[in-house]
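The values are calculated or read from the model by the stated rules, or taken from the named source; none is laboratory data. Remember, predicted model here, so these are calculated numbers, not experimental data. Backbone-built Cβ (ideal geometry, glycine too); neighbour counts: all protein chains shown.
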Amino acid sequence: MIIMAKEESTLRQLYKQMAAGQGYFTYSEGIIDNVVMSGEGWQHIPQPDLAVPCIACRSYIDMAGYTRDDLTFFTQSVDFQKDKSVVGIAVTAVYEYDLLTTRRITTAELSDMSNRTPAFLNSTLDLMECVYGQQVTWFNNNQIPGGVVPITTDVFGSGNPSAADRLHWTKILIGVHDTTPQLNDVTIAANPTNLVIGGLTIQEKDLVYIERLRRAYTQDPGRNV
């Protein structure tokens with residue numbers, strides 16, 4: 001990567017914590033008929049398949065101090081630190097996503113995770129807007145009620161630097177299960193998670209920085225809504 005900079009880079013470390021969250025889903029005739037949510041910032045995100053349980057939490061890191069000094073942040077490392085595994089009761093598996101993006105992911109962009117996963121084709125969240133993403137598949141552990149074990153972990157993202165005033169973090173949990181009318185009530189839950197980001201700030205050349213600002217503020221007018 002070639003960096004057009006006016007000044008030397010400065011090492012930075014950013015931190016954010018996310019509270020535990022839980023969704024309790026009851027069913028009638030094989031589809032969700034009631035949801036009880038708990039946990040600060042956590043929401044139920046309905047999916048096209050009305051039997052699929054999905055919850056999400058959206059947070060952000062304030063980068064306005066860097067923006068005021070005309071600095072661009074370059075992400076070098078991302079670490080999601082989880083207190084414990086996710087919880088999945090009466091599900092076959094749980095898909096867990098952690099997304100670090102240059103803008104807020106909208107509810108509409110989360111409303112069809114099976115066909116329009118953010119940062120992939122068919123999503124309106126472009127790959128260049130996803131700095132880093134991690135997806136973990138947790139499979140049901142029959143030996144421990146509600147327990148799950150990780151079977152795959154995938155990472156993705158562009159690593160694109162940002163001059164925006166916020167760096168957004170979204171966590172999503174999706175349950176996979178049998179959808180018969182006799183389906184048991186489902187619980188999916190995330191335990192507390194820490195986010196630690198290592199990176200550096202650089203004061204870029206004027207034209208490069210202005211173009212980065214334009215992308216950050218004109219292509220996403222509702223970025224903080």
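Data for the structure
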| item | result |
| --- | --- |
| Pair list, Cβ under 6 Å, 6 or more apart: segment 109-136 residue acidic (D, E), other residue in a loop (DSSP other than H, G, I, E, B) | E109/P118; E109/T124; E109/L125; D112/P48; E129/T102; E129/R103 |
| Segment 111-135, subset of a type in the set (A, V, I, L, M, F, W, C) and crowded, with 20+ Cβ neighbours inside 10 Å, residue farthest from Q43 (Cα to Cα) | V131 |
| Residue tally, condition over 17 Å from P53 (Cβ atoms), buried (at least 19 other Cβ atoms within 10 Å of the Cβ) and hydrophobic (A, V, I, L, M, F, W, C), over segment 75-110 | 4 |
| Only one of T75, T101, T92 that is in contact (Cβ under 8 Å) with a residue 12 or more places away in the chain and touching a Cys at 6+ places or on another chain (Cβ under 6 Å) | T101 |
| Residues of segment 125-169 classified as in contact with a Ser or Thr (Cβ under 8 Å, 6 or more places away or on another chain) and either of a type outside the set (S, T, Y) or part of a loop (DSSP other than H, G, I, E, B) (or both), total | 27 |
| Residue identified as polar (S, T, N, Q) and under 28 Å from L213 (Cα atoms) among S77, S38 | S77 |
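Condition check ((1) within 30 Å of E8 (Cα to Cα); (2) modelled with pLDDT under 90; (3) in contact with a strand residue (DSSP E or B) (Cβ under 7 Å, 6 or more places away or on another chain)) across all residues:
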site: R68; (1), (2), (3): yes, yes, no
site: D98; (1), (2), (3): no, no, yes
site: A108; (1), (2), (3): no, no, no
site: N122; (1), (2), (3): no, no, no
site: F139; (1), (2), (3): no, no, yes
site: G147; (1), (2), (3): no, yes, no
site: A163; (1), (2), (3): yes, yes, yes
